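To keep things clear, I will list the structure first and then write my remarks on it.
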Amino acid sequence: MQKHVVILGGGLAGLSCGYELVQRGHRVTILEREPHVGGMASSFVEDGAEYWCYDFGPHRFHSKDESLIDHVREIIGEENIVHAKRLSRIVLFNKFFDYPLNASNVVRNMPKTLLIKAFLDYFWVRLLDVFKLRHFTDRDFESWTTRRFGATLYRIFFGQYTEKAWGMPPSQISADWASQRITLLNLRDAVMKTLFRPKKGNVPRTLVTDFIYPKYGGIGELARGYARRIEAAGSRVLTDAPAIRVLRDGMNVTGIEYGRHDRQVVEGDEYVSTIPVTALAKALSPKVPQEVERAIDSLRYISIVFVYLKLNRGNVSPDNWVYLPEKHLTVHRISEFKNFSPYCSPKDKTMVCCEITCRRGDEIWRASPEQLKSIAERDLISVGLIQAGEVLDVVVKKIPYAYPVYDLEYKKHLTPIMDYVNGLGNLKTTGRQGNFRYNNMDQSVEMGRKMGIERATGARTDHERVATGKEYFG
Ligand SMILES: Cc1cc2nc3c(=O)[nH]c(=O)nc-3n(C[C@H](O)[C@H](O)[C@H](O)COP(=O)(O)OP(=O)(O)OC[C@H]3O[C@@H](n4cnc5c(N)ncnc54)[C@H](O)[C@@H]3O)c2cc1C
């Protein structure tokens, strides 16, 4: 029997879920708040006198699963695929350091007194740990990383960047973040990986040397490919259609009220939500109990302002992205779309996306494009990446729910919300936002597809286990 499934959110998780359902003869209605599909993996195209395309920061698609890569190639369209080289580095002391850390590169570039201090600190912390002279708790980001890299390397490469990107001390961030984020086990592991590359088939995400990317249109081509196929199958992908109220009778969802001015209600046989789980719980009508409401208000997100600078020069660097951890700089990372596909910018010009993390409503979030341009231009000049007078134009975009904040208390707040939402009989949550997780695009696609197959066939797919391991989240 054909089902009608209403899906909240038109990012990769929602769209890939819808795609698998329509492939199996079911009908979906996807409600997307923004005027475009793609969520965080959206892209924007300017096709006037000059062609420019750009994403929300850098988006590299990696997966060890060859069949998933083939699926993505098919959705984007084989004729629109390029192979890009993977390179990301850290700028410190006006020098480029490889990321993930490469021991010989660290030895070459680091000021020598600091290098000696880093090694002494490392051996000291290992001694304390191995002979159990100090009790390490692995409770927070700072203690987890210091234990494995020593105090100096922690501060230079991990601590200052994390504090800047999160806007909070690393001692207040859960160690879950470090264990998922840092692929290297410790300094010894960095040395071993410099000397011996892992065997083929066992290469971690961070050491993959190339990746696929759309030739034209940016990463949003994947989402647009899904949307086209869903619509071609007779289902609906509604943009500019925010879900406002999730109507329910007890723990059964009866419909979704959506729209900006002209509100409508859509009813389904089942519902899948990929919107932030906090937004979903807030939208439930009647409201959730007070203790769940309090938990919702305690979970936090980091927002990002993207400042895109169009530059009058062919290239800034060969990197996909460059981290700028130093505290005196406001920008924390830049990316250059030409290094994903050479067709993203005019030949003699380039575009750099400068990311600045913030909290929704703060000074950075409210800053004008002119103010943001001055900040980004000043930072890039100060580290020698561009020169004065090269900026031609600026574009600004923002994401409110970019990173879930894994503070020391997040699990305490997340658990009652997830328990409550999971109690809804005919609504399931998935995707990065639906799970308050740090997954990548491949994981959102995998979650969405598994969820779609499960809704379509009733067979268990273990969608909830995707991105729960100790894996790298880029
Ligand atoms: C700066 C940055 C860089 C990244 N780089 C990489 C990378 O290099 N490689 C990689 O694999 N991954 C990367 N990621 C992660 C990747 O973007 C995400 O994992 C993926 O796009 C998440 O897809 P999703 O569908 O799960 O969530 P989302 O994309 O967040 O989709 C949720 C959707 O719900 C919509 N929505 C929200 N509220 C409502 C509402 N009330 N009603 C209707 N719709 C609503 C949103 O607009 C959005 O479209 C990066 C992320 C960021 C922020």
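Rule-based calculations on the coordinates, nothing more; no lab input. All values reported here derive from a predicted model rather than from experimental measurement. Counting neighbours? That spans all protein chains shown, and the Cβs are built from the backbone with ideal geometry, glycine included.
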Stretchable slack from residue 347 to residue 254, in nm (0.36 nm times residue separation minus alpha-carbon distance): 28.2 nm
Diffusion coefficient, µm² s⁻¹, Stokes-Einstein with Kirkwood Rh over alpha-carbon pairs of region 411-474 at 37 °C and 0.692 mPa s: 262
Semi-axes of the equivalent ellipsoid for region 233-290, Cα gyration tensor, largest first, Å: 20, 13, 11
Protection proxy ranking, peptides 8-14, 425-431, average beta carbon neighbours within 10 Å, highest first: 8-14, 425-431
³J(HN,Hα), Karplus 6.51/-1.76/1.60, whole Hz, each residue of region 81-96, x for Gly, Pro: 10, 10, 9, 10, 8, 8, 8, 9, 9, 10, 9, 9, 6, 6, 10, 8
Burial ranking of peptide ranges 220-226, 396-402 (average Cβ count within 10 Å, highest at the top): 220-226, 396-402
Phi-based couplings in Hz for region 289-297 (Karplus 6.51, -1.76, 1.60; Gly and Pro marked x): x, 4, 5, 6, 4, 5, 5, 4, 5
Overall Cα dimensions of the chain - principal axes, largest extent first, Å: 70, 61, 46
Share of pairwise Cα separations in region 353-474, more than 22 Å, in percent: 55
Packing-based exposure ordering (other Cβ within 10 Å, fewest first) of 40, 1, 251: 1, 251, 40
Potential lengthening between residue 426 and residue 36 on full extension [0.36 nm per residue; Cα-Cα distance subtracted]: 137.7 nm
Nitroxide proxy distance, nm - points 7 Å out along Cα→Cβ at residue 244 and residue 366: 2.7
For the chain, calculated [θ]222 nm from helices alone, where every DSSP H run of n ≥ 4 adds -39500 (n - 2.57): -10000 deg cm²/dmol
Formal net charge of residues neighbouring residue 172 (Cβ-Cβ distance under 12 Å; K, R +1; D, E -1): -3
Amide H partners (placed H, <5 Å) of residue 92, local residues excluded: 97
Charge context of residue 76, other residues only, Cβ under 13 angstrom, K/R +1, D/E -1: 0
Region 130-136 - phi-based ³J(HN,Hα) in whole Hz, Karplus 6.51/-1.76/1.60, Gly and Pro as x: 4, 8, 6, 7, 9, 8, 9
For residue 61, residues with placed amide H under 5 Å, excluding near neighbours: 212
Cα-based helix-to-principal-axis angle, 410-422 vs the chain, degrees rounded to 10: 20
5 angstrom amide H check on residue 244, placed H, neighbours 5+ away: 257, 258, 259
Residues residue 119 and residue 172, FRET efficiency given R0 of 25 Å [Cβ-Cβ distance, rounded to 0.05]: 0.30
Cβ charges +1 (Lys, Arg) and -1 (Asp, Glu), total dipole of the chain, debye: 1300
